[in-house]
Amino acid sequence: MKFSFLGGAGEVGRSAYLIEDEKRLLLDYGIKLHQRTEYPLPFQGFIDYSILSHAHLDHSGFIPAIYEYCSPPCIATYPTQALSTLLVKDSMKVQKLKKQKVNFSGNSFRKMLSNFIPLPYGKSFSLSDNISLTFTDAGHISGAAISTMQIGDKKVVYTGDFKLGDTWMHKGAECIDGCNILLIESTYSQKEHPDRKKLEEELYSEVTSVLERGGNALLPCFAVGRSQEIIQMLRYFDGDMKIFFDGMAQTASEIMLDYPSYIRDAKYLANCLKTAEWVISPGQRKKALSKPSVIISTAGMLEGGPALKYALGLNNESEIILTGFQVPGTNGSMLLEQHKMRVNGIVHDIKVPVEYFDLSAHASRSDLFRFVDKASPEKIFCVHGDTCREFAEELREKGYDAVAPANGESFVV
Ligand SMILES: [Zn+2]
Ligand SMILES: [Zn+2]
C-alpha cells in the first residue's frame, strides 16, 4: 500500500493524501488560504474515490479540480456535502474578487456536486470487495468525520481534524480502538488548550467590559462551527446582550439546523440564533457600530467577509477578539502580531486592542497522545501541523514507528 503526501504535510492547509492499493483513494484535497492561495500537488492518473473528511476549505477547497481529470464518487457526510458546497462556492467568489485565477472550471464544480455520495456516521460503505470505509464523528465541525478504512487485512485510520473534548456544538470524538496505519492531525501537538470552562468565563468577562466602556466587541469567526459555538456560549452567560450576526455564518447555520443529528443540541442553537439580529443590509452594519454590541461576523481570519468592514469602523473603546487558529500570513495573524490588516492591497493600522482566546476545535497535545495510544498503530504519519516533526519524534521516543512526511513524499507500507 502506497501513501503519497500531496499537501498538508508539515503545514496547516491544502490537506491532500493519496492511498494506492487495489483502488486509488484521495483523502481530502484542500487549499491553503494566504494572500495568494496555495494548492496541493497534482496527482497522476485517475482517482477511484475522493473521501472528504469535512467542509473546511483546507480539506475541501480544491476537490472540484479532481473533476477536471476524472469523475470519482466523492464520499462525505450530508452536512459536509452541503457546507463544503457553500464554502467552495464562496472561495471561488473571493478569489475572483482578489483578481486571482480560480484553478478549476464551473463545470468541474458542478461535476463535484453530482458525484457526491452521502455516508452517515457508523455505516460501512464498500469501495471494492477488499476495501470498506466507515465514518465516525470527529467532534470538530458539523459532519466532520474520522475515516476508518479496511484495506485488505489493514485497518487504516485518517483522523482529519478532530477534538476529544466536548464543546457547545459537539460531543467529543471517540478514540479508535486499534489500527494498523494512522494518519493523524498534529495541529496542537506542542500545546495544551487552557481549561475550556475558565476560558469561556474569561471571554465573557472580556466582552462585557468592552460593552461597559461603550465599545463593540467584534468577534471575527469562521462561518462553520465557531460562530455558532460563540453565540451559544454568550447566551448561556447572558440572555439579553445585544448580538449582531453577520456574514456567511447565517447560511451555514441554516444548513447545520437542516441536519440536527450532527450537532449536540439543535434546539438550543436555533433558540440562540433567534435572539441575535441577523444583519442583511449595510444600514444594519452602521446600526451595529453605532452603540455597544457584540458583532459575530465572518471571516474568522479576516481574509474577507463583513468582519473587515467592521474592523475598520470600530470606535476607540472597541476590541477585536479572535478565537480561532490564525494561519501565518493572514490578516488575523497580522493583527495579532503587528496590529495591521491588509484590505484591497492597502495596509491599515488597527488601533483598538486585539485579544486572542484559544477556543480550539482541535485535539490538544494530550488528546493526540491519548488517541495514538488507544489506536496503537504499527505506522503513524503525522500531518496537518507546523510541528509534525516534533510530534513524530516524541512518538518515536515512545516506541512508535512515526514519521512526519514532507509534501511530495511517498511511502510504501
Ligand atoms: Zn477543520
Ligand atoms: Zn484542517
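Things to note:
- The residue 258 and residue 93 beta-carbon pair, evaluated with R₀ = 30 Å, returns a calculated FRET efficiency of approximately 0.85.
- Pairs exceeding a 29 Å alpha-carbon distance, out of 191/274; 32/154; 89/309; 32/163: 191/274; 32/154.
- Distance from the C-alpha centroid of region 198-243 to that of region 25-72: 34 Å, rounded to the whole angstrom.
- In this label model, residue 338 and residue 110 are separated by 4.3 nm, measuring between points 7 Å along each Cα→Cβ vector.
- Among 28, 129, 161, residue whose mean-square fluctuation peaks in a GNM of the chain (springs only between Cα atoms under 10 Å): 129
- Mean residue ellipticity, 222 nm, helices only, the chain: the sum of -39500 (n - 2.57) across DSSP H runs of n ≥ 4, divided by residue count and rounded to 500, is -9500 deg cm²/dmol.
- Taking 16 Å as the straight-line reach from the Cα of residue 198, none of the lysines fall in range once those fewer than 8 positions away in the same chain are excluded.
- Judged by a Cβ-Cβ distance under 4.7 Å, the unpaired cysteines of the chain are 70, 74, 175, 179, 221, 272.
- Extending 7 Å from the Cα toward the beta-carbon at both residue 317 and residue 275 defines two label points whose distance is 2.3 nm.
- Computed label-point distance, nm, for sites residue 347 and residue 70 using a 7 Å Cα→Cβ extension: 4.5 nm
- Per-pair calculated FRET efficiency, R0 = 35 Å: residue 44 and residue 356 via Cβ, rounded to 0.05: 0.25
- Folded to 0 to 90 degrees: helix 226-237 orientation relative to the chain principal axis, Cα: 50 degrees
- Convex hull volume of the C-alpha atoms in the chain, normalised per residue: 125 Å³.
- The percentage of C-alpha pairs in region 196-356 whose separation is greater than 20 Å is 47%.
- The packing ranking of peptides 241-248, 286-293, highest mean first, is 241-248, 286-293, where packing means the average number of other beta carbon atoms within 10 angstrom of each residue.
- Max mean-square fluctuation residue, GNM over the chain, Cα-Cα springs under 10 Å, options 307, 223, 375: 375
Throughout, read-outs are computed from the coordinates displayed, never taken from laboratory work. A quick note: this is a predicted structure, and the numbers were derived from the prediction, not measured. Backbone-built Cβ (ideal geometry, glycine too); neighbour counts: all protein chains shown.
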